[in-house]
Structures are given as structure tokens and as C-alpha cells.
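Asker: First, the structure itself, so that you have it in front of you.
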Amino acid sequence: MVCLVCSVHWTRFTLAVIGSGIVTTMTDWFFAGDWIHTRWTYPEVWRKGPESRAIIVSSVFPFLTCAAFVILALWLGDHSFVSALKLAFLVWIIGPFPLILTNAAFMKLHWVFVVLYSTGWLMKLVIAAAAVHWLLA
């Protein structure tokens, strides 16, 4: 069995995480950002006041998601684009997709927001899959 830590090219790993983290931060903004937030949501669902702190805190999570995805792909050992895409889809089906749908079943979320938020999560994982292939294969 090969040691995962020993076999990682750390510069490529760091580039994959930083690059995909930056891009997925933008997809989060696009799929669930201010424009969508103000048009297809219910005002009573959102906190009042400035969102600066929430934005700063939540900006860390795309990097964490991408790092975990890259580590999982490295651990599985197959870095082909097709395999990484399959992994992205499976992770999406396991976690974010059912969670978002369950939240929408119990919370007041507009269907447009639910669709775009789910799509944003799938795109985040596809971008991480592309980073795995391009930078680590």
C-alpha cells in the first residue's frame, strides 16, 4: 500500500485546491448569489443586517470542499477525467443534493433557488474534478 502523503506532489495539490477553490467561490456567488437571493427567496428566511461576516466565513468552505475532493480522488487513485466526474456526481448525490431537497421540503425556499443551489453544488464538484484531472493526472 502506497502512503498517500508520500506520493502527493504538494505544489500541484496546493494549486488544485487554490485554483478550484477560487473558481467555485465564483460559482457559489453565481448560483446562489445576491441576484438570485433577492429575486427568488422569501425575505423572512434571511438574516437582517450586513452580511460581511457571513460572506467571509462561508468563503472558506469552497476551499475545504475542493481540498477534501482532491484528497478523496488521490486516495482512490484514479485521476482520469471520467472517473473524477463520476466521483463528483456520486458525492453530489450522497450529500448536497438530498440535503438541499430535504431542506426545501421543510423550509420556505423558492424552487428556483433550490434548483440553482443544487446546480451550483454539482458545478463546484465538477470544477474540483477538473482540477484533479488537469493538475494531478
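Asker: Could you name every one of the helices (runs of 4 or more DSSP H) located completely within the range 37-137 that has at least 1 residues being under 15 Å from Ile18 (Cα atoms) and touching a residue at least 12 places away in the same chain (Cβ under 8 Å)?
Answerer: Numbers: elements: 52-58, 61-76, 81-94, 96-106, 111-136.
In the range 37-137, 61-76, 111-136 are the helices (runs of 4 or more DSSP H) which contain 1 or more residues that are under 15 Å from Ile18 (Cα atoms) and touching a residue at least 12 places away in the same chain (Cβ under 8 Å).
Asker: Please verify whether the range 29-52 includes one or more residues that are modelled with pLDDT under 85, of a type in the set (S, T, N, Q), in contact with a Lys or Arg (Cβ under 9 Å, 6 or more places away or on another chain) and surrounded by 10 or more Cβ atoms within 10 Å (Cβ to Cβ).
Answerer: Among the residues of the range 29-52, at least one is modelled with pLDDT under 85, of a type in the set (S, T, N, Q), in contact with a Lys or Arg (Cβ under 9 Å, 6 or more places away or on another chain) and surrounded by 10 or more Cβ atoms within 10 Å (Cβ to Cβ), which makes the answer yes.
Asker: Across the range 23-36, what is the number of residues that are without any contact (Cβ under 8 Å) to a residue 40 or more places away in the chain and more than 10 Å from the chain's Cα centre (by Cα)?
Answerer: Just the residues of the range 23-36 that are without any contact (Cβ under 8 Å) to a residue 40 or more places away in the chain, to begin with: 25-26, 29, 33-35.
Restricting the remaining residues to those that are more than 10 Å from the chain's Cα centre (by Cα) gives 26, 29, 33-35.
Residues flagged as without any contact (Cβ under 8 Å) to a residue 40 or more places away in the chain and more than 10 Å from the chain's Cα centre (by Cα) within the range 23-36 amount to 5.
Asker: All but one of (1) buried (at least 17 other Cβ atoms within 10 Å of the Cβ); (2) under 16 Å from Thr24 (Cβ atoms) hold for Gly95; state the number of the condition that does not hold.
Answerer: (1)
Asker: Yes or no: Ala73 of a type outside the set (Asp, Glu), surrounded by 18 or more Cβ atoms within 10 Å (Cβ to Cβ), under 29 Å from Arg12 (Cα atoms) and at pLDDT 95 or above?
Answerer: Working: of a type outside the set (Asp, Glu): yes; surrounded by 18 or more Cβ atoms within 10 Å (Cβ to Cβ): yes; under 29 Å from Arg12 (Cα atoms): yes; at pLDDT 95 or above: no.
Taking the combined requirement at face value, the residue does not satisfy it.
Asker: For the structure I just gave you, tell me whether Ile22 is more than 15 Å from Thr119 (Cβ to Cβ) and in a helix (DSSP H, G or I). Outline the logic, then answer.
Answerer: Numbers: more than 15 Å from Thr119 (Cβ to Cβ): yes; in a helix (DSSP H, G or I): yes.
In short, yes.
Asker: For Phe89, are the conditions met, namely being at pLDDT below 90 and either within 17 Å of the chain's Cα centre (by Cα) or polar (S, T, N, Q) (or both)? Step through it out loud before you land on a result.
Answerer: Details: at pLDDT below 90: no; either within 17 Å of the chain's Cα centre (by Cα) or polar (S, T, N, Q) (or both): yes.
Criteria not met by Phe89.
Asker: Of all residues in the range 3-15, which are of a type in the set (A, V, I, L, M, F, W, C) and modelled with pLDDT of 90 or more? Steps first, answer last, please.
Answerer: Residues of the range 3-15 that are of a type in the set (A, V, I, L, M, F, W, C), as a first pass: 3-6, 8, 10, 13, 15.
The answer is Leu15, and nothing else.
The values are calculated or read from the model by the stated rules, or taken from the named source; none is laboratory data. All of these numbers come straight from a predicted model, not from anything done at the bench. Here Cβ is always computed from backbone atoms with ideal geometry, including for glycine, and neighbour counts include all displayed protein chains.
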